[in-house]
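Have a look at the structure below before the remarks.
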Amino acid sequence: MYVAQLTLPERRAALALACLVAGLGLTMAVLGRDDLLGTHGALVIACGVVVAIVVMRGFYAPSPSPERLSSYYDDPTRAGIVFAMIWAIVAMAVGDWVAWLLVSPDLTFDAAWSSFGRLRPVHTSGVIFGFGGNALIATSFYVVQRTSRARLPDQVSPWFVLLGFNLFCILAASGYLMGITQSKEYAEPEWYADIWLVIVWVAYFGLYLRTLARRKEPHIYVSNWYYLAFILVVAVLHIVNNLAVPVSLGHAKSYSAFAGVQDAMTEWWYGHNAVAFFLTSGFLGMMYYFMPKRAGRPIFSYRLSIISFWGITFMYMWAGSHHLHYTALPQWVQTLGMTFSLMLLVPSWASATNALLTLNGAWHKVRDDATLRFMMTAAVFYGLTTFEGSFMAIRPVNSLSHYTDWTIGHVHAGALGWVALITFGSLYSIVPSLWGKRAMYSPRLVEVHYWLAIAGTLVYVISMWNSGIVQGLMWRTYNDSGTLAYSFVDSLVAMHPYYVMRAVGGLLFLIGTVVGAYNIWRTMRTPALAEIGDFAEAPARAAPTLAAAE
Amino acid sequence: MFGFHYRLERHALRFVIAVILVAGIGGFVEIAPLFTISETVEAAPDMRLYTPLEVAGRNIYMREGCYACHSQMIRTLRDDVERYGPYSLAVESKYDHPMLWGSKRTGPDLARIGGKYSDEWQVAHLQDPRAVVPESKMPSYAFLGRTPLKTSDLGLHLKALRKVGVPYTGEMVANAPADAYGQAAPDSPYAAGVAQRYGEATQVRAFMGRQGDPTEMDALVAYLQVLGRLTDVAKAQQAQAAE
Amino acid sequence: MTHDFLVWFSKSFGLFWLMAMAAGVLVYTYWPSNQSRFQQAARAVVDDEDKPWR
């Protein structure tokens with residue numbers, strides 16, 4: 001059905017691209033026939049062929065009416081939302097599964113793929129890239145069109161970006177299970193997947209700029225600043241951190257161009273800025289659009305949002321070294337990282353405050369509307385987590401918190417409390433209109449999801465705070481004779497109850513996500529307004545203007 | 001019409017350039033000094049290279065995601081040093097592409113695990129961790145002992161490492177598969193070349209207690225047993241500080 | 001290009017860069033003629049935007 005919206009030249013281009021991808025897969029399969037690279041080649045062929053078949057089946061459908069040009073192009077956004085929810089369920093389920101593995105480590109069935117070490121990156125990449133990335137791409141297409149009052153410039157490149165990105169995610173997740181990894185945290189995919197992501201990302205950047213170039217207003221709305229910074233800086237981080245030399249063109253394995261202390265600094269420069277520009281900047285873009293929209297009030301201070309934008313863009317770049325306190329990294333770099341991490345509190349809290357003050361005068365809506373409450377709570381968690389992050393970057397605090405579960409708790413306060421909640425809030429606010437419905441299938445279920453998500457996040461974060469602090473204190477406790485009081489195993493035993501609690505908290509959050517996905521699915525399928533068609537595309541409202549030839 | 005569009009696009013591009021300047025220069029200025037850091041890093045003339053078997057073991061360590069639960073970085077804190085040994089020096093990971101400092105200790109730090117336990121203990125522990133440490137949270141890695149190690153392409157691995165700056169000689173590259181075999185088979189004719197190429201301190205042993213084609217378990221144990229023992233500079237520095 | 005020089009450069013130029021950037025941003029944000037544009041942009045989001053202008 002999505003193919004019918006493409007014009008004939010666009011269908012040809014889509015088919016050519018799908019065949020090109022399948023051809024790339026064939027090259028990989030031939031070159032890497034003695035290696036796991038060959039398996040991935042087969043997977044790429046399969047993906048290319050599936051897309052080609054889908055395009056061919058709709059190839060001779062009637063051409064779309066020119067009226068499509070007088071509405072926004074939301075098909076990729078719809079598909080992106082579906083992908084995001086699928087990845088959310090898969091990745092959170094894997095996450096909860098590995099949490100149970102730490103409770104009961106014998107659940108690996110004596111197999112290689114099922115161990116904690118191989119499943120963990122499936123969880124992290126699945127959540128960050130699969131869920132977060134798809135949500136960012138989907139909402140960025142939605143937001144850039146509306147804030148620019150301009151339709152996406154063509155109908156092929158958004159699909160290339162979305163499907164190409166998902167191919168990257170599939171290569172990543174399946175690779176980990178087979179044992180393909182660079183072992184760089186949050187940048188585990190190997191060289192060929194990295195190169196592919198660069199291609200996709202360049203197309204994404206180009207698409208975004210081309211859409212902005214079609215806008216009417218001279219000023220670019222601030223959400224687009226955040227989205228654009230996310231696209232740009234992630235490209236820079238990704239390319240630099242993944243510089244590597246493959247063993248050969250037929251090997252999946254590569255060796256990082258950096259070693260030792262340089263590699264550590266590059267990795268955490270990347271790692272921390274992935275938090276900044278993937279998990280913060282992009283989602284702030286989401287917040288600055290969907291929250292005012294849902295509350296029906298303009299952002300409290302537009303100027304403050306600009307100031308915090310530049311603050312975040314500048315200062316995050318320097319903060320990465322706080323991951324390496326007391327290590328072999330030179331002391332001055334550690335101090336620099338700590339200082340900038342503390343200064344980061346200013347723009348971070350400016351954003352959080354700005355969001356909450358926007359709701360002034362709309363608090364009754366927050367009370368009644370779980371969707372807006374999702375976003376409000378996300379802003380609160382954003383404020384809490386950035387405070388905690390700055391606090392943990394202080395060297396003496398870090399000496400206690402580092403290497404412990406406190407870090408895990410901090411990350412999840414951000415990922416569950418901020419990233420996931422703002423995403424769910426944004427998705428709930430656009431899903432009904434995107435599928436031509438008046439409201440979500442069940443507002444009650446949105447409410448249920450909200451409380452499950454909050455309960456899950458709190459249980460998770462509190463148990464990890466406890467375990468982290470207990471662990472950190474046990475490691476540094478001395479007895480009267482001046483020797484270490486606890487062995488490492490003692491601290492491990494003390495963790496057990498917290499690990500059970502954490503896995504339960506994760507399960508609550510996962511159930512909430514499943515409820516949300518069910519609700520979205522039912523909304524898509526309700527016939528209520530479906531016969532009227534997508535309200536934005538209803539012919540009666542079509543303006544007679546045609547796009548001027550570029 | 002054209003002029004109007006041109007102005008609009010210039011606006012977006014100006015913004016793009018501003019982001020690159022603000023973020024890019026910030027990042028560059030911070031990282032640049034690290035690339036001349038070799039001038040300030042301690043010298044370790046006795047530093048050995050990983051043997052092909054140890055490289056293979058290191059790759060298994062990465063493949064299985066061991067770094068997700070074990071750090072390889074002893075901080076300069078008293079309790080870290082007393083628990084795990086002399087704090088890690090930058091020079092000790094100068095051939096680590098990539099580094100495996102890690103970020104989480106669900107299990108203990110492994111920077112100086114080499115030689116702390118016997119080969120038998122390591123093998124038994126990897127096969128069934130809870131048979132050795134009842135409270136352990138580690139999964140079983142028994143399948144490593146059943147999987148033969150792929151050694152045929154180790155020369156290519158060494159070559160790639162040489163490209164990124166590890167000083168492997170042509171002789172090392174050419175003999176990589178034989179050296180991998182010989183290191184785990186001390187009675188074989190291939191064993192002598194290992195110590196000759198990689199130094200007398202190289203551990204040539206039947207890590208799993210039997211000789212022949214090495215398994216992935218042999219490689220991983222060989223790697224674990226060399227951790228923290230490529231150079232003595234950290235221990236020497238600690239002894240010097242104690243005086 | 002010695003290490004000491006690069007460290008010195010990072011520390012001094014980094015600080016200068018931070019100050020220059022902060023000043024630039026504040027000037028841009030509070031430049032009087034920009035104010036109406038910002039207010040318009042903030043309001044534009046909540047307004048009706050159900051179809052592209054072209």
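Take every Cα pair under 8 Å whose residues are at least 6 apart in sequence, average their separation, divide by the length of chain B, and the relative contact order is 26 percent.
Of all aspartates and glutamates in the structure, those lying under 16 Å Cα to Cα from A:Lys216, and not within fewer than 8 positions of it along the same chain, are A:Glu550, B:Glu9, C:Asp47, C:Asp48, C:Glu49, C:Asp50.
Note on C:Phe16 and B:Ser188: the model spin-label points, each 7 Å out from Cα along the C-beta direction, lie 6.1 nm apart.
B:Tyr223: net charge of surrounding residues, Cβ under 9 Å, Lys/Arg +1, Asp/Glu -1, itself excluded? With Lys, Arg at +1 and Asp, Glu at -1, the net is 0. Taking every C-alpha pair closer than 8 Å and separated by at least 6 residues, the mean separation divided by the residue count of segment A:313-424 gives a relative contact order of 30 percent.
Look at the stretch A:316-329: the mean tally of other chain Cβ atoms within 10 Å of its residues' Cβ atoms is 5. A straight Cα-to-Cα reach below 20 Å connects A:Lys365 with the lysines A:Lys293, residues fewer than 8 places away in its own chain not being considered.
Against chain A, whose longest principal axis comes from its Cα atoms, helix A:157-178 is set at around 30 degrees.
Taking max minus min of the alpha-carbon positions on each principal axis, chain B gives extents of 81, 46, 39 Å, largest first.
A simple charge model with +1 on the Cβ of Lys and Arg, -1 on the Cβ of Asp and Glu and nothing else charged puts the dipole of chain A at about 1660 debye relative to its Cα centre.
GNM on chain B, C-alpha springs below 10 Å: top fluctuator among B:Leu156, B:Leu227, B:Leu77? Comparing B:Leu156, B:Leu227, B:Leu77 in a Gaussian network model of chain B, the most mobile one is B:Leu77.
Using R₀ = 41 Å, calculate the FRET efficiency as 1/(1 + (r/R₀)^6) where r is the Cβ-Cβ separation of A:Phe387 and A:Tyr60; round to 0.05. For A:Phe387 and A:Tyr60, the calculated efficiency is 0.10.
Per residue, the convex hull spanned by the Cα atoms of chain A amounts to 164 cubic angstrom. Here each label is just a point 7 Å from Cα along the line to Cβ, and for A:Arg12 and A:Ala42 those points are 3.5 nm apart. Placing R0 at 60 angstrom, the Cβ-Cβ distance between A:Ser104 and A:Thr335 gives a FRET efficiency of 0.90 after rounding to 0.05. Based on the alpha-carbon gyration tensor of segment A:164-303 and its eigenvalue square roots a ≥ b ≥ c, which shape applies: rounded if a/c is under 1.5, prolate if not and a/b is larger than b/c, or oblate? Prolate, since a/c reaches 1.5 and a/b exceeds b/c. Note on C:17-26: average number of Cβ atoms from other chains within 10 Å of each residue's Cβ is 5. Taking chain B as a Gaussian network of alpha-carbon nodes connected by springs under 10 Å, the highest mean-square fluctuation of the residues B:Gly102, B:Gly182, B:Gly27 belongs to B:Gly27. Cα to Cα, under 25 Å, and not fewer than 8 places away if on the same chain: which lysines meet these conditions relative to B:Lys116? Straight-distance partners of B:Lys116: B:Lys94, B:Lys104, B:Lys137, B:Lys235.
Legend: mean number of C-beta atoms from other chains within 10 angstrom of residue C-beta atoms, peptide B:151-157, equals 3.
The local environment of A:Leu249, defined by Cβ-Cβ distances under 15 Å, has a net charge of -1 under the rule Lys, Arg +1 and Asp, Glu -1.
Set against the 2.2 N^0.38 Å expectation for a compact globular protein, segment A:52-108 has a Cα radius of gyration ratio of 2.00. Note on A:Ile195 and A:Ala485: their simple-model spin labels are 5.6 nm apart, each label 7 Å out from Cα toward Cβ.
In the context of the full protein assembly, C:Asp4 retains an accessible surface of approximately 120 Å², using a probe radius of 1.4 Å and ignoring ligands and nucleic acids.
A straight chain from A:Ser442 to A:Arg367 at 0.36 nm per residue would run longer than the Cα-Cα distance by 25.3 nm.
Computed on segment A:74-525, with alpha-carbon pairs under 8 angstrom and 6+ residues apart, the relative contact order is 15 percent.
In the context of the full set of protein chains, residues of segment A:74-525 present 28 Å² of accessible surface per residue (probe radius 1.4 Å, heavy atoms only).
The packing ranking of peptides A:220-230, A:480-490, C:37-47, highest mean first, is A:220-230, C:37-47, A:480-490, where packing means the average number of other beta carbon atoms within 10 angstrom of each residue. Only helices enter this figure: runs of n ≥ 4 DSSP H residues, each worth -39500 (n - 2.57), summed and divided by the residues of the protein assembly as shown, yield -20000 deg cm²/dmol at 222 nm to the nearest 500.
For chain C, the longest principal axis of the Cα atoms and the long axis of helix C:35-46 meet at an angle of about 60 degrees. What does a probe at B:Ala142 reach in segment B:120-135, counting residues whose amide N is under 15 Å from the point 7 Å along Cα→Cβ? B:123-132, by backbone N distance to the label point.
The phi torsions of segment A:337-350, fed into the Karplus equation with coefficients 6.51, -1.76 and 1.60 and a -60° offset, translate into couplings of x, 5, 4, 5, 5, 5, 5, 4, 4, 5, x, 5, 6, 4 Hz, rounded to whole numbers, with Gly and Pro shown as x.
Buried accessible surface for the A/B pair, both sides summed and rounded to the nearest 100, is 7500 Å² with a 1.4 Å probe. Other residues within the sphere of radius under 15 Å centred on the Cβ of A:Arg118, judged by their own Cβ, net out at -4 (K and R +1, D and E -1). Apply the membrane-span-like helix rule to chain B: whole DSSP H runs, Cα extent along the own long axis of at least 15 Å, mean Kyte-Doolittle hydropathy at least -0.5. List the helices found. Qualifying helices, which must be both long enough and hydrophobic enough, are B:2-19, B:52-63, B:216-226. Residues whose amide H comes within less than 5 Å of that of A:Tyr478, counting only those at least five positions distant or on another chain, are A:Ala485 (H built at 1.01 Å from N in the peptide plane).
The values are calculated or read from the model by the stated rules, or taken from the named source; none is laboratory data. These figures come from a predicted structure and were not determined experimentally. When we count neighbours, we look across all protein chains shown, and the Cβ atoms used for this are built from the backbone with ideal geometry, even at glycine. Ligands, DNA and RNA are excluded from the accessible area calculation, which covers all protein heavy atoms including side chains. Shrake-Rupley method; radii C 1.70, N 1.55, O 1.52, S 1.80 Å.
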